[in-house]
Amino acid sequence: MKSLRWRYTRLLPRDPEQTGRKTSGPRSHLMNPPAPAIARAPEDPTETQLAEASQVLGASEIRQLSLHLPPRVTGYSWSLAFCTARDGFSLRSLYRQMEGHSGPVLLVLRDQDGQMFGAFSSSAIRQSKGFYGTGETFLFSFSPQLKVFKWTGSNSFFVKGDLDSLMMGSGSGQFGLWLDGDLYHGGSHPCATFNNEVLARQEQFCIKELEAWILS
């Protein structure tokens, strides 16, 4: 099947310090009041490229999420490494599809209630004995507007995976996002790592679709 390519353009205001303009002297201020700054679009707008269409995120959601990604991955292509529609509902399969990848991952899912949420991991999803990741990791939810929950700095419980579950964010025995080994049942609770709200409509949910995008 011919792959689909999505392109979205984000326009950001130009930093006044990068315009190279010099401020006028005292005489100009006496003659005329200072004019308001005008936001200008960059000459080379950033594009988000998807190698194929997402079954979970639409154009609006992709555009909104791209604004919150770390600067180092801005403009990176999104490659679909795993999706339940193609690879099945299995955490083991997700780990297998992540093998050989080291780049950051955007995990997005839709539950049986139609709620969309997920997480950005600074590194590929893998099995581990302890938590891994960096402060770039965050959780998000569309309810219906996008809410992003960044690292609070209170702990470093970013991501931990074993054969039975995948956990992201923790504190006081609760996980910001938790998925079982079948990638069917999950949970979300407020946690100290991200100070997040419950991502789904309820603390326990059932997954309808899940995708893992490698950013590279």
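The values are calculated or read from the model by the stated rules, or taken from the named source; none is laboratory data. None of the values given here were measured: they were computed from a predicted structure. So basically every Cβ, Gly included, is an ideal-geometry build from the backbone, and we count neighbours across all protein chains shown. Only protein heavy atoms, including side chains, enter the accessible area calculation; ligands, DNA and RNA are left aside. Shrake-Rupley method; radii C 1.70, N 1.55, O 1.52, S 1.80 Å.
Here are some notes:
- Qualifying residue in region 181-192 (condition: among the hydrophobic types (A, V, I, L, M, F, W, C), modelled with pLDDT of 95 or more and within 22 Å of residue 79 (Cα to Cα)): yes
- Yes/no for residue 179 being open to solvent by less than 60 Å² (accessible area, probe 1.4 Å), under 13 Å from residue 68 (Cβ atoms) and touching a residue at least 24 places away in the same chain (Cβ under 8 Å): no
- Condition check for residue 137: open to solvent by less than 20 Å² (accessible area, probe 1.4 Å) and among the polar types (S, T, N, Q): yes
- Taken over region 182-198, the criterion of being open to solvent by less than 10 Å² (accessible area, probe 1.4 Å) and either under 14 Å from residue 130 (Cα atoms) or in contact with an Asp or Glu (Cβ under 8 Å, 6 or more places away or on another chain) (or both) is satisfied by 186, 187, 188.
- Test: residue in region 159-173 that is closer than 23 Å to residue 68 by Cα, touching a strand residue (DSSP E or B) at 6+ places or on another chain (Cβ under 6 Å) and surrounded by fewer than 19 Cβ atoms within 10 Å (Cβ to Cβ): no
- Selection of helices (runs of 4 or more DSSP H) fully inside region 10-101 by the criterion of at least 2 residues being at pLDDT 90 or above and either open to solvent by 80 Å² or more (accessible area, probe 1.4 Å) or over 25 Å from residue 186 (Cα atoms) (or both) returns 59-66, 84-87, 91-98.
- Residue match in region 186-200 (condition: in contact with a strand residue (DSSP E or B) (Cβ under 8 Å, 6 or more places away or on another chain), acidic (Asp, Glu) and farther than 16 Å from residue 69 by Cβ): yes
- First in region 81-105 and among the basic types (Lys, Arg), second anywhere and surrounded by fewer than 21 Cβ atoms within 10 Å (Cβ to Cβ), Cβ under 7 Å, 6 or more apart: 92/163
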